[in-house]
């Protein structure tokens, strides 16, 4: 059997970093980890090829080679996925589909031959068994949450690693919290399931032996869901493994209660974690209560963010506007919080209701659902009828995004962060493309950009006031360029 694993194109969005990646001559931010893991679960005798359409063109010759295709996708890839499926069907190929998009919306993809839904550890083996016996069903689903101690390592050898800015691995699935708008617990449950430290070290060692010395994203939706295992097993193992190695910095997603645990922050920093994403959502306590974001309530969120920054980890933040209790004052409150906290990468979106969430069911019951969940965090779209006047909400949202990503206010926020941040001692190898990115930034942002004065003012401030963090400052300048392009595309 010749199997072609296909990953559809991701559109130009906040997290695609497409405009920033051009500075370092990379084509994609992250590889398709799900497909690489599924590939390792397929029969060893099968021939396997991976084509990520974000880094390579899919040719007719490659389609002719295959006997069957496996497609995985997220909701944000809905449009490109439809085109890809149509092309595969035109080529006469059987299509097997799985991943978050299909788990949520399988009924909308009539031409797919087989769906492997939920977690592949549970649904892929029965499909393979039925396929071998010639009686494969169309849909394979399960409400069981598998033990991921037996999940194989991704097949890194299928990947064209040179095209990616960051690699990705998974340590845990599940989250102990129950936010109304989040579908993670629907997909993976409330009890965090973890891989062993030995599994993670083997995966990282395999990457390192292949020559990877860059960043690695732990894709866990809440990396600190099982603090005990982290502190007693994984983090000590990572600290020991990284001794004497160059590069390999880590970033992940956590909940704000990380700030409550000084020992955990210290261990994460020592293990090489330099960045965490946190769902801050809103400074309004009533809105936090309404969406059951209890872990964010009754605390000084700005001080918590700064505490994490001082521990050696940059904080990226997710923010939501459009909760039922929000009033027009929320727009200025969000701006003030983001600027004061020094959260440079601030993802601000309107409240949306993904399929499978309690919010979706409540909106459906109240007759407030409109359209489909877009999967894009910053496109200014919503699939619910808000309590606030829609025009007021949308215009206020646009003003927030335009303000925080205007050059003047963006660079001010970066300065706030750099003044707070305590950089860890991590040796990162000098890369030619990153050196060239410095000169490209000076040309594009310092010469061609109409707001170049703000760039040069920030440039010399960082050079003389924070020289040790100067490379990070230039990286942030490049990120800001990407964010402004996305804002111009979706918001203005």
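The values are calculated or read from the model by the stated rules, or taken from the named source; none is laboratory data. Being a predicted model, the structure only gives us computed values, none of them experimental. Neighbour counts run over all protein chains shown; Cβ positions are idealised from the backbone, glycine included.
Residue 476 is checked against (1) under 17 Å from residue 331 (Cβ atoms); (2) in contact with a helix residue (DSSP H, G or I) (Cβ under 9 Å, 6 or more places away or on another chain); (3) crowded, with 16+ Cβ neighbours inside 10 Å and fails just one. What number does that condition carry?
Among (1) under 17 Å from residue 331 (Cβ atoms); (2) in contact with a helix residue (DSSP H, G or I) (Cβ under 9 Å, 6 or more places away or on another chain); (3) crowded, with 16+ Cβ neighbours inside 10 Å, residue 476 violates only (1).
Mind telling me which of the residues 259, 237 ends up being in a helix (DSSP H, G or I), under 18 Å from residue 343 (Cα atoms) and assigned by TED's automatic domain parsing to the domain that holds residue 171? If you could, list the steps in order and put the result at the bottom.
Details: 237 fails: under 18 Å from residue 343 (Cα atoms).
On inspection, the qualifying residue turns out to be 259.
Taking the stated definitions as given, is residue 253 closer than 23 Å to residue 297 by Cβ and either outside the structural domain of residue 297 (by TED's automatic domain parsing) or touching a strand residue (DSSP E or B) at 6+ places or on another chain (Cβ under 6 Å) (or both)?
On the way: closer than 23 Å to residue 297 by Cβ: yes; either outside the structural domain of residue 297 (by TED's automatic domain parsing) or touching a strand residue (DSSP E or B) at 6+ places or on another chain (Cβ under 6 Å) (or both): yes.
Against the criterion (closer than 23 Å to residue 297 by Cβ and either outside the structural domain of residue 297 (by TED's automatic domain parsing) or touching a strand residue (DSSP E or B) at 6+ places or on another chain (Cβ under 6 Å) (or both)), residue 253 qualifies.
So which of 92, 134, 99 is buried (at least 20 other Cβ atoms within 10 Å of the Cβ) and at positive phi? Please lay out each step first, then the result.
Numbers: 92 fails: buried (at least 20 other Cβ atoms within 10 Å of the Cβ); 134 fails: buried (at least 20 other Cβ atoms within 10 Å of the Cβ).
Residue meeting the stated conditions: 99.
Using the structure shown, decide if residue 148 is in the same structural domain as residue 364 (by TED's automatic domain parsing) and under 30 Å from residue 293 (Cα atoms).
Working: in the same structural domain as residue 364 (by TED's automatic domain parsing): no; under 30 Å from residue 293 (Cα atoms): yes.
Criteria not met by residue 148.
Out of 53, 93, report the one residue that is modelled with pLDDT of 95 or more, assigned by TED's automatic domain parsing to the domain that holds residue 123 and under 19 Å from residue 114 (Cα atoms).
Working: 53 fails: under 19 Å from residue 114 (Cα atoms).
Going through 53, 93 in turn, the sole match is 93.
If you check residue 192 against the conditions, is it without any contact (Cβ under 8 Å) to a residue 24 or more places away in the chain and in contact with a strand residue (DSSP E or B) (Cβ under 7 Å, 6 or more places away or on another chain)? Break it down into steps so the answer makes sense when it comes.
Numbers: without any contact (Cβ under 8 Å) to a residue 24 or more places away in the chain: no; in contact with a strand residue (DSSP E or B) (Cβ under 7 Å, 6 or more places away or on another chain): yes.
Spelling it out, it is not the case that residue 192 is without any contact (Cβ under 8 Å) to a residue 24 or more places away in the chain and in contact with a strand residue (DSSP E or B) (Cβ under 7 Å, 6 or more places away or on another chain).
Counting only residues that are within 28 Å of the chain's Cα centre (by Cα) and part of a helix (DSSP H, G or I), how many does the range 47-95 have?
14
Restricting attention to the range 211-261, and to residues there that are within 30 Å of residue 430 (Cβ to Cβ), at pLDDT 95 or above and more than 21 Å from the chain's Cα centre (by Cα), which single residue is surrounded by the fewest Cβ atoms within 10 Å (Cβ to Cβ)?
It comes out as 240.
Would you confirm, using the coordinates I've provided, whether residue 73 is within 23 Å of residue 12 (Cβ to Cβ) and either at pLDDT below 95 or not assigned by TED's automatic domain parsing to the domain that holds residue 185 (or both)?
Values: within 23 Å of residue 12 (Cβ to Cβ): yes; either at pLDDT below 95 or not assigned by TED's automatic domain parsing to the domain that holds residue 185 (or both): yes.
Yes: the conditions hold for residue 73.
Quick check: is even one residue across the range 327-335 modelled with pLDDT of 95 or more, within 28 Å of residue 476 (Cα to Cα) and either in the same structural domain as residue 472 (by TED's automatic domain parsing) or under 21 Å from the mean Cα position of the chain (by Cα) (or both)?
Taking the range 327-335 and keeping what is modelled with pLDDT of 95 or more, we get 327-335.
Then keep just the ones that are within 28 Å of residue 476 (Cα to Cα); that gives 330-335.
Okay, now just the ones that are also either in the same structural domain as residue 472 (by TED's automatic domain parsing) or under 21 Å from the mean Cα position of the chain (by Cα) (or both), so none.
Checked the range 327-335: no residue is modelled with pLDDT of 95 or more, within 28 Å of residue 476 (Cα to Cα) and either in the same structural domain as residue 472 (by TED's automatic domain parsing) or under 21 Å from the mean Cα position of the chain (by Cα) (or both).
With respect to residue 203, determine if the residue is outside any loop (DSSP other than H, G, I, E, B), touching a helix residue (DSSP H, G or I) at 6+ places or on another chain (Cβ under 9 Å) and buried (at least 17 other Cβ atoms within 10 Å of the Cβ).
On the way: outside any loop (DSSP other than H, G, I, E, B): yes; touching a helix residue (DSSP H, G or I) at 6+ places or on another chain (Cβ under 9 Å): yes; buried (at least 17 other Cβ atoms within 10 Å of the Cβ): yes.
Judged against the criteria, residue 203 is a match.
Consider residue 462 against the criteria (1) in a helix (DSSP H, G or I); (2) more than 17 Å from residue 416 (Cα to Cα): it satisfies all of them except one. Which criterion is unmet?
(2)
Could you grab me the full set of residues in the range 308-326 that are outside any strand (DSSP E or B) and surrounded by fewer than 18 Cβ atoms within 10 Å (Cβ to Cβ)? Steps first, answer last, please.
Keep residues of the range 308-326 that are outside any strand (DSSP E or B), which gives 308-313, 322-326.
Passing the criteria: 310, 324, 325.
Please enumerate the residues belonging to the range 102-130 that are touching a strand residue (DSSP E or B) at 6+ places or on another chain (Cβ under 8 Å), buried (at least 17 other Cβ atoms within 10 Å of the Cβ) and assigned to a helix (DSSP H, G or I). Talk me through it step by step, then tell me what you get.
Going residue by residue through the range 102-130, those that are touching a strand residue (DSSP E or B) at 6+ places or on another chain (Cβ under 8 Å) are 102, 106, 109, 111-117, 119-120, 123-124, 126-127.
Checking the rest, the ones that are also buried (at least 17 other Cβ atoms within 10 Å of the Cβ) come to 102, 106, 109, 112, 114-117, 119-120, 123-124, 127.
Matches in the range 102-130: 102, 106, 120, 123, 124, 127.
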